[in-house]
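Peer 1: Just dropping this structure here.
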Ligand code: B12
Ligand code: SF4
């Protein structure tokens, strides 16, 4: 049996670890040939040719990738193959399965569901229980996803070789703008620390990595797990970074991170306005953010900020600036809330829109009770000018 996975293009690329996980899981359980194409690298002709003898074609789809995914599906659909859409968009917009070019969608975690499909499940909507023990999933199949291409591109563009890794899946929090829970639920499942360390070292060796970014939503929620991981990583010389909730940072955590080779922590500051933080259900208050940034000094501290919550006005944005001027992040990014399917801001009025250009950084949809979409964009632009020295690369584009 031949399975082809496709990564449709969106704003910028990253290695498709989702496909790498599913591929590794399939190969562990069945005899299967797996191929992968990415619209970031492969031409339409290469993709269409590569799909010709495929039995199953799986598309990995976030909302901004959906229109292109459908366009590709139209090109490769035949009566003999089975087209499967998986990822955040199909999970949250299940009605897409009615399209004549989509045979089935996978809701939520993909490994078990894709295995069932390869074993003959022909339901239109496939949804399996979570895999309780993540260590039963082999390491990401980086050969199939042609990781080397991503590394080369990154090296050419930024001068360093960055790869990503996952410690676990799921986040216990419930921030309104975030869609994570729709696929992963709110219970955290974590891999064994030793297994993460082994994969870390293997990826560094295989791909000459000089920075590892953890894609986990938030690490450090389970204190024991992070402590044990850091203990096993002591003496590691490859720098790495991860998302952390500011309120979970204390002196001991920072010491452990530094000893384990961590050089960056990325924290969701979001807003300097206490009422907005509360409204977005952020698991931090202003004091915790200030303390987290103060304690994490010596690590590169990135602050994610979000503009455009419903009660945002010029004063609340001013408060965000005041906070930033006090905590002095080393890197800062300003996104505008995007009403992605799976987040609290999604509304049925967006049912038929084209998500192609709905970027986390900017979109034409969001406005607040006091600020129009144009005013929000103007504020974003003012802030990116003001903090131009420390901006994330996406804000610079
Ligand atoms: C790290 C991250 C990034 C990284 C790297 C992403 C990557 N590895 O591809 C970067 C910074 C590059 C990024 C970019 C973007 N991201 Co992002 N990202 C994340 C984050 C935090 C983790 C993603 C991850 O690696 N998860 C681990 C892998 C294993 O999970 P997965 O991709 O979801 O795959 C599983 C299932 O979804 C499913 N599945 C996925 N594909 C397929 C395909 C088939 C055939 C099947 C059967 C199943 C299946 O099975 C997989 C394994 O179980 C998530 C939030 C989250 N907690 O998931 C947001 C998230 C996925 N991102 C999001 C978005 C919107 C984007 C961008 C479009 C943002 C932008 N405007 O640029 C881009 C586009 C990404 C792209 N690939 O084109 C949204 C998606 C919302 C939505 N409704 O679509 C999320 C949920 C964040 C949010 N705003 O809530 N992202
Ligand atoms: S934004 Fe971060 S803390 Fe909030 S729910 Fe999403 S992943 Fe969890």
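Bear in mind these aren't lab numbers, they're just calculated from the coordinates by the rules spelled out. Here the structure is a predicted model, which means the values were calculated and not measured. Ideal geometry is used to build each Cβ from the backbone, glycine not excepted, and the neighbour counts take in all protein chains shown.
Peer 1: Segment 241-370: percent of C-alpha pairs farther apart than 19 Å? Could the numbers behind the result be given before it?
Peer 2: Working: 4347 of 8385 pairs.
When every Cα pair of segment 241-370 is considered, 52 percent fall beyond 19 Å.
Peer 1: Under a no-solvent Debye model with one identical scatterer per Cα of segment 300-355, what's log10 I(q)/I(0) at q = 0.13, 0.16 Å⁻¹?
Peer 2: Rounded to two decimals, the profile gives -0.46, -0.63.
Peer 1: Further question: For the chain, give the share of DSSP beta bridges that are antiparallel, in percent and rounded to the nearest 5; count only bridges with both residues there.
Peer 2: Details: 2 of 48 bridges.
Once the DSSP bridges in the chain are tallied, antiparallel ones form about 5 percent.
Peer 1: Turning to a different aspect of this structure: Where does the chain land at 222 nm, in deg cm²/dmol rounded to the nearest 500, when only DSSP H runs of n ≥ 4 count, each adding -39500 (n - 2.57), divided by all residues? Write down the numbers at each step before the final one.
Peer 2: Details: 15 runs with 145 residues, N = 397.
Mean residue ellipticity, 222 nm, calculated: -10500 deg cm²/dmol.
Peer 1: Let me understand segment 160-396 better: what is its radius of gyration from the alpha carbons, and its Dmax, in angstrom?
Peer 2: Using the Cα atoms of segment 160-396, the pair Rg, Dmax is 18.1, 53 Å.
Peer 1: Taking 8 Å as the Cα distance limit and 6 or more residues as the minimum spacing, I'd like the relative contact order of segment 27-151 as a percentage. If you can, show how the numbers build up before the last one.
Peer 2: On the way: 133 pairs, mean separation 26.0, N = 125.
Reported relative contact order: 21 percent.
Peer 1: Let me ask something else. With each label point set 7 Å from Cα along the Cα-Cβ vector, what nm distance links residue 48 and residue 394?
Peer 2: Each label point is offset 7 Å from its Cα along the Cβ direction, giving 3.2 nm.
Peer 1: Residue 364 versus residue 55, label points 7 Å from Cα toward the beta carbon: distance in nm?
Peer 2: Result: 4.4 nm between the two label points.
Peer 1: Between residue 74 and residue 251, what is the FRET efficiency for a Förster distance of 41 Å, r being their Cβ-Cβ separation, to the nearest 0.05?
Peer 2: The calculated FRET efficiency here is 0.15.
Peer 1: Further question: I'd like the orientation of helix 17-29 relative to the chain: the angle between its Cα long axis and the longest Cα principal axis, in ° from 0 to 90, rounded to 10.
Peer 2: Value to nearest ten degrees: 40.
Peer 1: Tell me the angle of helix 286-295 to the major Cα principal axis of the chain, expressed in degrees between 0 and 90 and rounded to the nearest ten.
Peer 2: The helix 286-295 is inclined about 90 degrees to the chain.
Peer 1: Say a paramagnetic label sat at a point 7 Å from the Cα of residue 315, along Cα to Cβ; which residues of segment 253-297 have their backbone N under 14 Å from it?
Peer 2: 273-276
Peer 1: For segment 334-380 and segment 223-266, what is the centre-to-centre distance using only Cα atoms, to the nearest Å?
Peer 2: Centre-to-centre distance over Cα atoms comes out at 34 Å.
Peer 1: Compute the distance from the alpha-carbon center of segment 115-139 to that of segment 140-187, in whole Å.
Peer 2: 20
Peer 1: Taking only Cα atoms, what is the 0 to 90° angle, nearest 10, from helix 66-76's long axis to the longest principal axis of the chain?
Peer 2: The angle comes out at about 20 degrees.
Peer 1: May I ask you to derive the relative contact order of the chain, considering only C-alpha pairs under 8 Å and at least 6 residues apart, and to give it as an integer percent?
Peer 2: 13
Peer 1: If you don't mind, another one. Would you please give the FRET efficiency between residue 206 and residue 158, computed as 1/(1 + (r/R0)^6) with r the Cβ-Cβ distance and R0 = 25 Å, to the nearest 0.05?
Peer 2: Details: r = 20 Å, r/R0 = 0.79.
Step by step, r from the Cβ atoms, then E = 0.80.
Peer 1: Return the Rg/Rh ratio of segment 125-181 with Cα-based radii and a Kirkwood Rh. Show your work: numbers first, answer last.
Peer 2: Working: Rg = 16.0 Å, Rh = 14.8 Å.
That ratio equals 1.08.
Peer 1: Could you work out the relative contact order of segment 187-238? I mean the mean sequence separation of Cα pairs under 8 Å and 6+ apart, divided by the number of residues, in percent. If you can, show how the numbers build up before the last one.
Peer 2: Details: 20 pairs, mean separation 26.6, N = 52.
Normalised by residue count, the contact order of segment 187-238 is 51 percent.
Peer 1: I want to verify a result. In a Gaussian network model of the chain, Cα cutoff 10 Å, which of these has the top mean-square fluctuation: 147, 123, 288?
Peer 2: 123
Peer 1: Note the direction-averaged projected area, equal to a quarter of the hull surface, for the Cα convex hull of segment 309-397, in nm². Intermediate values should be presented prior to the final figure.
Peer 2: Details: hull surface 25.3 nm².
With the hull built on Cα positions only, its mean projection is 6.3 nm².
Peer 1: Compute from the Cα atoms of segment 2-126 the Rg and the Dmax, the latter being the longest Cα-Cα distance, and quote both in angstrom.
Peer 2: 12.9, 35
Peer 1: So, one more: Given that compact globular proteins tend to follow 2.2 N^0.38 Å, what is the ratio of the alpha-carbon Rg of the chain to that value? Intermediate results must be reported in sequence, preceding the final value.
Peer 2: Values: Rg = 21.1 Å, N = 397, 2.2 N^0.38 = 21.4 Å.
In units of the globular-protein estimate, the chain measures up at 0.99.
Peer 1: Under 10 Å, Cα contacts only: if you run a Gaussian network model on the chain, which one of 64, 310, 339 comes out with the highest mean-square fluctuation?
Peer 2: 310
Peer 1: Suppose R0 equals 35 Å. What FRET efficiency, 1/(1 + (r/R0)^6) with r the Cβ-Cβ distance, do residue 325 and residue 33 give to the nearest 0.05?
Peer 2: Details: r = 56 Å, r/R0 = 1.60.
FRET efficiency, residue 325 to residue 33: 0.05.
Peer 1: When the convex hull of the C-alpha atoms of segment 52-120 is computed, what volume per residue in Å³ does it have? Please report the intermediate quantities before stating the final value.
Peer 2: Numbers: hull volume 5.5 nm³, N = 69.
Once divided by residue count, the hull of segment 52-120 is 79 Å³.
Peer 1: So which residue, out of 213, 235, 110, gets the largest mean-square fluctuation from a GNM of the chain using Cα contacts under 10 Å as springs?
Peer 2: With Cα springs under 10 Å in the chain, the top fluctuation among 213, 235, 110 is at 235.
Peer 1: Tell me the Kirkwood radius of segment 216-266: reciprocal of the mean inverse pair distance over distinct alpha-carbon atoms, in Å.
Peer 2: Working: mean 1/r = 0.0929 Å⁻¹.
Kirkwood radius, segment 216-266: 10.8 Å.
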